[in-house]
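Below is one structure; the comments refer to it alone.
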Amino acid sequence: MPQVVEIESVMLAVSLVTFGYLFARALRERSPALLSASFGWAFLSFHVFLRVSGYPSLAEAFLYFFALGVSLYVVILVREMYPSKTALFALYLLTPVSHVVYRLMEVMGYPIPKGVGGIASDSGVMLLVTAYIAYRTFKRPLLSLSVVPVAVVFLAYKALRGTLIGFGLMTLGALVFSIATIRVTSSGLFKGGSVPDVEVTGLVLVESRKLKSILDKYSESPILLITRSEGSFPGGWSVFRVSTVPFENSISPTALERLRHIIVQYLVEAKKSGSRGLVVIDCLDFLLLYNDRLAVLKFLGDVRDHAIVNDGVVFVALGESIDEHTRRLLEKLSDGRV
């Protein structure tokens with residue numbers, strides 16, 4: 001069937017391109033979420049390749065790993081960005097429900113294709129749960145709805161396998177889902193706005209008493225603010241609160257790697273948009289309280305290097321609780337002081 005071969009080729013190309021894009025970003029940004037998503041798409045490529053090569057039974061197993069990779073991508077993002085929504089993960093307990101449904105249909109006398117309710121069907125249920133969690137958390141209909149055609153094919157995989165409808169629906173779903181995934185992973189923290197007029201790049205130390213004047217000065221510019229403070233902030237800012245209690249846009253004080261990832265992503269997005277990333281860390285004392293001092297200094301040294309590479313600035317507020325030895329170490333690391 002020439003049409004089937006063409007559709008399979010399109011699906012394989014979509015899978016490989018999406019894998020390559022996500023994998024490259026995962027390595028560049030050191031993102032576990034993007035790495036999980038990229039592996040999911042790699043497994044979908046294996047699925048198509050094995051199916052074309054004449055190993056349909058083995059190919060079916062890779063559908064599960066595709067669903068697992070995509071689901072892990074959403075799970076990691078929810079856990080990191082919206083920890084208050086992690087209760088939704090309990091819905092993954094519904095994954096084997098397809099077995100129950102198909103068995104009931106069989107008992108009631110409905111003709112069920114042999115093998116339906118296996119790995120592919122479980123993968124379909126997992127994807128539907130993932131789509132629901134993504135919609136409840138991120139409020140992005142395109143990402144959630146684009147998963148549905150793929151999940152439907154998985155649920156009826158044995159019946160649709162080898163048919164033009166199955167190939168077409170799967171390829172269309174994969175193509176739309178690929179576009180949605182790339183769009184979502186490409187849009188991020190930087191909200192755009194006026195380019196901040198800052199003379200220095202890198203890491204700049206600010207005495208806490210002077211921080212308010214800095215924030216007022218750049219109130220109209222896009223800022224990534226890492227703080228312990230509550231209150232309202234300009235709409236163009238991206239604000240994360242460091243706290244030991246999980247809630248929306250909160251970060252644990254011990255999650256330095258996640259904090260580093262957020263800052264680097266912001267700086268990269270700002271540079272790509274033709275602007276300059278402006279980051280303010282207003283919780284250094286709290287980070288030092290929960291982490292080893294050397295670990296915090298390494299973290300600051302890393303974000304400083306990324307700020308220089310991306311022509312950005314990272315302001316770090318120094319509170320009165322910061323001891324003199326730590327201040328001296330920070331001064332050696334910094335590129336300026338206010």
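Computed values, structure above
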{"read-out": "Qualifying residue in region 288-309 (condition: crowded, with 16+ Cβ neighbours inside 10 Å, within 20 Å of the chain's Cα centre (by Cα) and of a type outside the set (S, T, N, Q))", "value": "yes"}
{"read-out": "Region 202-231, residues that are of a type in the set (Ser, Thr, Tyr), open to solvent by 50 Å² or more (accessible area, probe 1.4 Å) and not in a loop (DSSP other than H, G, I, E, B)", "value": "Ser208, Ser213"}
{"read-out": "Neighbours by Cβ (under 7 Å, 6+ apart or cross-chain): first from region 139-155, in contact (Cβ under 8 Å) with a residue 12 or more places away in the chain; second among the β-branched types (Val, Ile, Thr) and surrounded by fewer than 21 Cβ atoms within 10 Å (Cβ to Cβ)", "value": "Arg140/Val184; Leu143/Val184; Ser146/Val176"}
{"read-out": "Helices (runs of 4 or more DSSP H) wholly inside region 232-327 that include at least 2 residues being among the basic types (Lys, Arg), closer than 27 Å to Arg25 by Cβ and modelled with pLDDT of 90 or more", "value": "293-309"}
{"read-out": "Test: residue in region 119-135 that is closer than 15 Å to Ser71 by Cα, crowded, with 17+ Cβ neighbours inside 10 Å, of a type in the set (A, V, I, L, M, F, W, C) and at pLDDT below 85", "value": "yes"}
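The values are calculated or read from the model by the stated rules, or taken from the named source; none is laboratory data. The model shown is predicted, which means the values in this text are computed figures rather than measured ones. So basically every Cβ, Gly included, is an ideal-geometry build from the backbone, and we count neighbours across all protein chains shown. All accessible areas refer to the heavy atoms of the entire protein, side chains included, with ligands and DNA or RNA removed. Shrake-Rupley method; radii C 1.70, N 1.55, O 1.52, S 1.80 Å.
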